[in-house]
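Student: I'd like to ask some things about the structure below.
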Amino acid sequence: MINLGELPEDVIRAYLSFPQRNEFLPVRSADGVLDVWVLRERAYPLADYLAWSVDMRVRTRLTSDSEFYAALEQALTLWEEEQVHKAGAEEEEDFGEVGDNQDLLGWSHDDAPIVRLVNKTLQQAITQGASDVHFEGQANAFLVRFRLDGELHLVRSLDKALQSTVLARIKVMGDMDVAESRAPQDGRIQVRLAQKDVDIRVSTVPTLNGEKAVLRILDRSKTILSLPDLGMEDQDLVHFRQAISVPNGIILVTGPTGSGKTTSLYAALSELVEEARNIMTVEDPVEYHLPGVNQVQVNRAAGVTFASAIRAFLRQDPDILLVGEVRDQETASTAIQASLTGHLVLTTLHTNDAPTAITRLLEMGLEPFLVASSMTLAMAQRLVRVNCPHCSVEVPVDRATMELLGKDRGLRPVQQRGKGCEKCLNTGFKGRRGIYELMPVDEELRSLIIQKSSVDAFADYRRARGLRTMLEHGLTLVERGLTTYEEILRVTRQ
């Protein structure tokens, strides 16, 4: 059993002076012997040198990646805590310099405490799989929050005096104007962690309690999951694969920000990539790297918008186009024209459900016959948190939840729910999966579109066809013990 808090101060200081801390870690010291874990055999000399520098004998053990990085995370958090509080008292103003693709595990004990604090926070966020990091001031505190599985969680509360220096450090890393604190700013940070590159988008805004920064983490090394891995199954999977197998037409995936739309489209592209196809994407930003796909990022300063990129793509002999988002009439019209000229177009739209996606296009001023002849599928989706498999237990469902769902559904009065453990950071949930609502476009639906029918008419058509809603899909997951009724209601209530 290791106890990192009992290591002598001289061992910790000597270890923190090494730039290669992501390769070895001292874990125990007793009777003149220093136990060191190493991640790779090449780190044995580093362990030897560390023990020699503190006048101790060394005992090494080769460990797995998961065991090593879990201990490293714990060690750096523990050993940095005291330095962070000292920085708050001293109002440290050395923001440090930033190079390209800074290694988050490569900071030195000689770095300013603020530099180490920000690097350590980013390392922790990436390791835990956070999508966003919030640095925000309150009246008497400075908070750090992570968005994990779609929910914000307080990670630490720091001294209010740290706010201005931490924001300055973030601006330096994002190549932003440190002196400007009265206007919103955007920046970009590129870092490395455990041999993988991570892009971070930075946004700062002035608030009544000082500036707030939100950092969106884009881990380009993320594995692109398959459609079944995302949660698409049964008839929904059949309908979706039928739609992407058609050589032309437009597929709309709808949902709010953070509902996994782009992830679903890239899962579809991963099934379509082959040497005989020319696939092109325009996104803002590019979130995944997929071999065999030509990816373009929106750059408004250079005149690269969604609409202009689509027009340029059509001169590049494409087979399949992915358009990150339909935001306006020009982009929608250009995407539809591309689908009508023999190309398969996949894109996203911000609406609550599949029927509303159709009416949204009509409200943009598009001709109904163009929408009807080009659209092959409308799909809405949400992401629901999955019960932690390590602490899930059976619990009764409260009466208010049952009443919201409706007593006529014949639902069970008990459900599985995670009670919270170390594995799930005491949230009761670990990971997310999609729930879907698909509307394939057939002749009957095309007729309704041409008539500019109401949302209610499209919803009636969906029910008549026996197509399930996101709520109904979610309830099947609860029956299988994968999530909770409350979680389904949280993401589907409009």
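Student: With only Lys, Arg, Asp and Glu charged, each at its Cβ (+1 for the first two, -1 for the last two), find how big the charge dipole of the chain is about the Cα centre; round to the nearest 20 debye.
Tutor: With only Lys, Arg, Asp and Glu charged at Cβ, the dipole is about 1200 debye.
Student: Applying the Karplus parametrisation 6.51 cos²θ - 1.76 cosθ + 1.60 with θ = phi - 60° to the phi angles of the stretch 131-138, what ³J(HN,Hα) value in whole Hz is obtained for each residue in order, glycine and proline being reported as x?
Tutor: Ordered by residue, 3J(HN,Hα) equals 8, 9, 10, 10, 10, 9, x, 10 Hz.
Student: Turning to a different aspect of this structure: How large is the dipole of the stretch 142-222 about the Cα centre if only Lys and Arg carry +1 and Asp and Glu carry -1, each at its Cβ, rounded to the nearest 20 debye?
Tutor: 160
Student: Can I ask one more? Expressed in nm to one decimal, what extension gain is obtained for the pair Arg409 and Asp456 from 0.36 nm per residue of sequence separation less their Cα-Cα distance?
Tutor: 14.8 nm
Student: Related question: Please arrange Leu25, Leu208 by accessible surface area, largest first, computed with a 1.4 Å probe and ligands excluded.
Tutor: Result, largest first: Leu208, Leu25.
Student: Tell me whether the stretch 344-405 comes out rounded, prolate or oblate; compute the Cα gyration tensor, take square roots of the eigenvalues as a ≥ b ≥ c, and use a/c under 1.5 as the rounded threshold.
Tutor: Numbers: a/c = 4.76, a/b = 2.43, b/c = 1.95.
Prolate.
Student: Can I ask one more? Between Leu78 and Glu444, how many nm apart are label points set 7 Å from Cα along the C-beta direction?
Tutor: Inter-label distance under the simple model: 6.5 nm.
Student: I need the shape label for the stretch 109-153. Rule: rounded when a/c is under 1.5, else prolate if a/b > b/c, else oblate, with a, b, c from the alpha carbon gyration tensor.
Tutor: Oblate.
Student: Amide H to amide H under 5 Å from Val397: which residues, 5+ apart in sequence or cross-chain, H placed 1.01 Å off N in plane?
Tutor: Close amide H contacts, sequence-distant or interchain: Val414, Gln415.
Student: In terms of modelled amide H atoms, which long-range or inter-chain residues lie less than 5 Å from the amide H of Leu346?
Tutor: Ile251, Leu321, Leu322, Val323
Student: Principal axis lengths of the stretch 355-489 from Cα atoms, whole Å, largest first?
Tutor: 54, 32, 20
Student: When all protein chains stay in place, what accessible area (Å², nearest 10, 1.4 Å probe) is found for Met173?
Tutor: The value for Met173 is about 10 Å².
Student: Okay, moving on. In whole Hz, with x marking every Gly and Pro, tabulate ³J(HN,Hα) for the stretch 421-427 from phi via Karplus 6.51 cos²θ - 1.76 cosθ + 1.60, θ = phi - 60°.
Tutor: Calculated HN-Hα couplings, in order: 8, 5, 5, 10, 6, 6, 8 Hz.
Student: Here's another thing I want to ask about it. Angle, helix 354-363 long axis vs. longest principal axis of the chain, Cα atoms, 0 to 90°, nearest 10?
Tutor: 70
Student: Between rounded, prolate and oblate, where does the stretch 370-411 land on the alpha carbon gyration tensor, with a ≥ b ≥ c its root eigenvalues, rounded for a/c under 1.5, else prolate if a/b exceeds b/c?
Tutor: Oblate shape, in that a/c is at least 1.5 and b/c is the bigger or equal ratio.
Student: Find me the longest stretch of the chain that has none of the exposed GluC sites (Glu not before Pro), where exposed means in a DSSP loop (not H, G, I, E or B) with at most 12 other Cβ atoms within 10 Å.
Tutor: Numbers: sites that count: Glu91, Glu93, Glu97, Glu274, Glu275.
Of all site-free stretches, the longest is 276-494.
Student: Net charge near Arg28: determine it from the other residues with C-beta under 12 Å of the C-beta of Arg28, scoring Lys and Arg +1 and Asp and Glu -1.
Tutor: Around Arg28, the charge tally is -1.
Student: Roughly how far apart, in whole Å, are the Cα centres of the stretch 239-280 and the stretch 3-53?
Tutor: 49
Student: In the full protein assembly as shown, how much of Asp48 is accessible to a 1.4 Å probe, in Å² to the nearest 10?
Tutor: Here the accessible area works out near 80 Å².
Student: Below 9 angstrom from the Cβ of Val478, what's the summed charge of the other residues (Lys, Arg +1; Asp, Glu -1)? Don't jump to the answer; show the numbers that get you there.
Tutor: On the way: positive: Arg412, Arg480; negative: Glu479, Glu487.
Overall, the nearby charge balance is 0.
Student: Also, quick follow-up: What does the charge count near Asp328 come to, summing +1 for each Lys or Arg and -1 for each Asp or Glu among other residues with Cβ under 15 Å from its Cβ?
Tutor: Here the count lands on 0.
Student: Among the lysines, which fall within straight-line cross-link reach of Lys261, defined as a Cα-Cα distance under 29 Å, with same-chain neighbours fewer than 8 residues apart omitted?
Tutor: Within the straight-line cut-off, Lys261 pairs with Lys196, Lys212, Lys222, Lys423, Lys430, Lys452.
Student: Select from Trp37, Val323, Gln415 the residue farthest towards the positive end of the dipole of the chain; place +1 on Cβ of Lys and Arg, -1 on Cβ of Asp and Glu, and compute about the Cα centre.
Tutor: Gln415
Student: Looking at the chain, send over the antiparallel percent of its DSSP beta bridges, to the nearest 5.
Tutor: Looking only at bridges with both residues in the chain, the antiparallel portion is about 65 percent.
Student: When only the heavy atoms of the protein chains count and the probe is 1.4 Å, how do Lys196, Lys222 rank by accessible area, highest first?
Tutor: Details: Lys196 60, Lys222 90 Å².
From most exposed to least exposed: Lys222, Lys196.
Student: Which value in deg cm²/dmol, rounded to the nearest 500, describes the helix-derived mean residue ellipticity at 222 nm for the chain, given -39,500 (n - 2.57) per DSSP H run of n ≥ 4 and division by the residue count? Spell out each step's value before the answer.
Tutor: Values: 17 runs with 178 residues, N = 494.
So the helix-based figure for the chain works out to -10500 deg cm²/dmol.
Student: I'd like the distance between the alpha-carbon centres of the stretch 295-358 and the stretch 388-420, rounded to an integer number of Å.
Tutor: 41
Student: What is the set of long-range amide H partners of Val386 at a cut-off below 5 Å, with H atoms built 1.01 Å from backbone N?
Tutor: Lys430, Gly431, Arg432, Arg433
Student: Tell me which label goes with the value of Cα Rg over 2.2 N^0.38 Å computed from the coordinates here: (i) 1.12; (ii) 1.00; (iii) 1.39.
Tutor: Label of the calculated value: (i).
Student: Now, a different point. Mind putting a number on the dipole of the stretch 350-494 about its Cα centre? Charges go on the C-beta only, +1 for Lys and Arg and -1 for Asp and Glu, and I need it in Debye to the nearest 20.
Tutor: 620
Student: On a 0 to 90 degree scale, rounded to 10, what angle separates helix 234-244 from the longest Cα axis of the chain?
Tutor: Roughly 80 degrees between the two axes.
Student: Moving on. Determine how large the accessible area of Arg490 is when every protein chain is in place; take a 1.4 Å probe and give Å² rounded to the nearest 10.
Tutor: It works out to around 100 Å².
Student: Using θ = phi - 60° and the Karplus curve 6.51 cos²θ - 1.76 cosθ + 1.60, what whole-Hz ³J(HN,Hα) does each residue of the stretch 181-189 get, with Gly and Pro shown as x?
Tutor: Listing the rounded values in order: 10, 9, 10, x, 9, 10, x, 9, 10 Hz.
Student: Given R₀ = 51 Å, what would the calculated FRET efficiency be for Asp55 paired with Arg192, taking r from the Cβ atoms and rounding to 0.05?
Tutor: Working: r = 34 Å, r/R0 = 0.66.
That pair, Asp55 with Arg192, gives E of 0.90.
Student: Using the Cα centre of the chain as origin and beta-carbon charges of +1 (Lys, Arg) and -1 (Asp, Glu), tell me which of Leu117, Ala459, Leu383 is placed farthest towards the positive end of the dipole.
Tutor: After comparing all options, I get Ala459.
The values are calculated or read from the model by the stated rules, or taken from the named source; none is laboratory data. All values derive from a computational prediction rather than experimental measurement. Cβ sites come from the backbone with ideal geometry, for glycine too, and all protein chains shown count toward neighbours. Keep in mind that these areas ignore ligands, DNA and RNA; they rest on the heavy atoms of the full protein, side chains included. Shrake-Rupley method; radii C 1.70, N 1.55, O 1.52, S 1.80 Å.
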